[in-house]
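Comments concern the structure below.
The values are calculated or read from the model by the stated rules, or taken from the named source; none is laboratory data. Bear in mind that the values here come from a model prediction, so they are computed numbers and not experimental data. Every residue, glycine among them, receives a Cβ derived from its backbone with ideal geometry; neighbour counts consider all protein chains shown. The area values use the complete protein model at the heavy-atom level, side chains included, leaving out ligands, DNA and RNA. Shrake-Rupley method; radii C 1.70, N 1.55, O 1.52, S 1.80 Å.
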Amino acid sequence: MSKKPFYITTPIYYVNDKPHIGHAYTTIACDVMARFKRLDGFDVKFLTGTDEHGMKVYQAAAKQGISPQELTDRVSVNFRDMNRLLNISEDQFIRTTDPAHKKAVQAIWQKMQDAGDIYLGKYAGWYSMRDEAFYGEDELTDGPDGTKIAPTGAPCEWVEEESYFFKLSAWGDRLLKFYEEHPDFIQPDYRRNEVISFVKSGLRDLSISRTTFDWGVQVPGDEKHVMYVWVDALTNYISALGYPDTESEEYKKYWPADVHVTGKDILRFHAVYWPAFLMSAGLEVPKRVYAHGWWMAEGQKMSKSLGNVISPEHLVNTYGLEQTRYFMMREVIFGNDGDFAHKSMVNRVNAELANNIGNLVQRTLSQINKNCEGQVPDPGILEDVDHALLNHAGQEMLIAVRNEFDKLQFSRALEAIIHVANLANAYIDEQAPWTLKKTNPERMKTVLYVLAETIRNLGLILQPFVPQAANRILDQVGVAPDARDFAFIGAQHALVKGTLLPKPEGVFPRLVDEEPAAQEKTA
Ligand code: ME8
């Protein structure tokens, strides 16, 4: 039977800056989702990459006295390095300077033009380079010295130039109809309402080309113009599949995408512009766009000038890779804003990874090591309490976790996993195998077997979040490498009595509650 496809994407990141905790967050979330789906039997494509054109990159390069291509080559590598550091399992890393991508962007432009949705006009209005976005006068506030400020806080400048326009104003009703027919398209729900009211308030035509710089994809048939960076960037999601060849194997298999994950800052581009471009070009619209919230650092907005931008290296070096991945997925309900605080990290890791899961694994395996000659014990005859725990740790847990993953609710999925670890810790205290050792050694073996089996299931389900630690747990209960996908969760007799287990070693050490050395300034 062929596997069901699942296509997930991160935004492609601008190369004018170093990766930080925000980029790490989106990419880790997609990685956790991609790993979950692979283990759950899907044929996954996980795409990420870098957004390399546009005025922002052009000016960043000029400032450093290098060519834009040199800058993008240099900085794009930082994002790949971030992925290696964070153990990200992307299937493809796309760069918008790839020649195949540029061809795809020109092709989609041509389709929109053929559909009558592009015209040449003159743009006069406010533009924020920082956001690479146009704003209406009514959206702006007055800043110091007569500057105009966008709702994001970015300064805007008045631009006047010849420009091609996309007839976005003609797409309002069709977009609203689309949202109505696809209630799951924009998530979380409260974000959906924001987008709907934005569209209902009336859409202006969108300026989609520039003539004042040339760092971009050329407009077909008019070499004075390069395309607006968002037409270019959004198209990465299909150029990666071989577009304009809509008959290519990947395009046919993976498009429309199952989910584009983005931060809330760029939801409008993904939920309004992108579906309009696609419909205009006669292409299918992605199934879902999920906008997550914003990270702050110790209660403050992160900024270069405050010097409080948290880097992925700082997190991994200070707290560990698995701890960082776990914390980010657990601390904040996906969709809400979050705060990175040293204290919360230490508390989370110590309470849930070290004291709960780590301790369960450690005390079970050390008793097996000491009292069962280091071998998987004979299950003997199971009692009702044993079956109850095994049921909770088997299909029941998988179904609960899968249900949360379907909604990208990573923290709730972890709650369901921790719940099982709590039940197992209560079981071990209640059954007290250390006492049974003298009073009823057969029963002790049954109890330790049931615990080992529970740990096997926990190890399996934890893999998407903490792949290295989960695999160390699975090694310690003797699970073969080819028995680690979710079809084995709750499987009967998966652990074979008498299998020799390696000497147990702690997987989740406690973090010391000391303020870490300040990270090197990233600016
Ligand atoms: O917008 N908290 O790129 P970008 C959480 N190139 N997430 C954060 C964050 C924070 N403080 N800061 C950044 C672009 N992010 C375009 C995208 S897609 C076709 C083009 C994450 O480098 C979050 O995912 O500015 C946000 O949407 C993204 O980085 C913006 O990255």
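Ile186 passes every criterion in (1) in contact with a helix residue (DSSP H, G or I) (Cβ under 8 Å, 6 or more places away or on another chain); (2) free of Cβ contacts under 8 Å to residues at least 24 places away in the same chain apart from (2).
A Cβ distance below 9 Å, combined with a sequence gap of six or more or placement on separate chains, defines the contacts here; from the stretch 251-280, residues that are away from the ligand (no atom under 11 Å from the Cβ) reach residues that are part of a loop (DSSP other than H, G, I, E, B) and among the acidic types (Asp, Glu) in the pairs Tyr251/Asp245; Trp255/Glu284; Pro256/Glu284; Ala276/Asp117; Phe277/Asp117; Leu278/Glu284; Ser280/Asp117. Taking the criterion of being outside any loop (DSSP other than H, G, I, E, B) and under 30 Å from the mean Cα position of the chain (by Cα), the residues of the stretch 478-502 that qualify are Pro481, Asp482, Ala483, Phe486, Ala487, Phe488. From the list Asp138, Asp145, the one residue that fits, being open to solvent by 70 Å² or more (accessible area, probe 1.4 Å) and at positive phi, is Asp145.
Filter the stretch 337-373 down to the residues that are of a type in the set (Lys, Arg) and open to solvent by less than 60 Å² (accessible area, probe 1.4 Å), then identify the one that is nearest to Glu514 (Cα to Cα).
Looking only at the stretch 337-373, we keep the residues that are of a type in the set (Lys, Arg), and these are 343, 348, 363, 370.
With open to solvent by less than 60 Å² (accessible area, probe 1.4 Å) added as a condition, the list becomes 348, 363.
Values: Arg348: 15, Arg363: 27 Å.
Ranking the qualifying residues of the stretch 337-373, first place goes to Arg348.
Inside the stretch 283-302, residues that are within 12 Å of the ligand (Cβ to nearest atom) and either under 22 Å from the mean Cα position of the chain (by Cα) or in contact (Cβ under 8 Å) with a residue 12 or more places away in the chain (or both) make up a count of 12.
Note on the stretch 217-237: among residues that are among the aliphatic types (A, V, I, L, M) and within 11 Å of the ligand (Cβ to nearest atom), the one that is farthest from His270 (Cα to Cα) is Val229. Residue pairs whose Cβ atoms lie under 7 Å apart, sitting 6 or more positions apart in sequence or on different chains, and linking a residue in the stretch 311-323 that is within 13 Å of Asn87 (Cβ to Cβ) to a partner that is small (Gly, Ala, Ser) and at pLDDT 95 or above, are Pro312/Ala24; Glu322/Ala469.
Scanning the stretch 45-89 for residues that are within 12 Å of the ligand (Cβ to nearest atom), at pLDDT 95 or above and open to solvent by 10 Å² or more (accessible area, probe 1.4 Å) turns up just one, Asn78.
Here are some residues: Lys445, Lys437. Which one is assigned to a helix (DSSP H, G or I), farther than 21 Å from Ala388 by Cβ and open to solvent by 10 Å² or more (accessible area, probe 1.4 Å)?
Step by step, each of Lys445, Lys437 is checked, and only Lys437 is assigned to a helix (DSSP H, G or I), farther than 21 Å from Ala388 by Cβ and open to solvent by 10 Å² or more (accessible area, probe 1.4 Å).
Annotation: of all residues in the stretch 273-317 being in a helix (DSSP H, G or I) and polar (S, T, N, Q), the one that is most open to solvent (accessible area, probe 1.4 Å) is Asn317.
One residue stands out in the stretch 8-42 among those that are within 9 Å of the ligand (Cβ to nearest atom) and modelled with pLDDT under 95: the one that is surrounded by the fewest Cβ atoms within 10 Å (Cβ to Cβ), namely Asp17.
When you scan the stretch 180-264 for helices (runs of 4 or more DSSP H) that lie fully inside it, which ones turn up with 1 or more residues that are open to solvent by less than 60 Å² (accessible area, probe 1.4 Å), closer than 21 Å to Gln59 by Cα and not basic (Lys, Arg)?
In the stretch 180-264, the matching helices (runs of 4 or more DSSP H) lie at 229-234.
The residues of the stretch 122-154 that are outside any loop (DSSP other than H, G, I, E, B) and either touching a residue at least 60 places away in the same chain (Cβ under 8 Å) or within 16 Å of the ligand (Cβ to nearest atom) (or both), listed by number, are Tyr123, Gly125, Tyr127, Ser128, Ala133, Phe134, Tyr135.
Within the stretch 453-469, residues that are touching a residue at least 24 places away in the same chain (Cβ under 8 Å) and within 13 Å of Leu353 (Cβ to Cβ) have Cβ atoms under 7 Å from residues that are hydroxyl-bearing (Ser, Thr, Tyr) and open to solvent by less than 10 Å² (accessible area, probe 1.4 Å) in these pairs: Phe465/Tyr326; Val466/Tyr326, counting only partners at least 6 apart in sequence or on another chain. When every residue of the stretch 82-89 is checked against the conditions, at least one turns out to be of a type outside the set (S, T, N, Q) and farther than 25 Å from Asp43 by Cβ.
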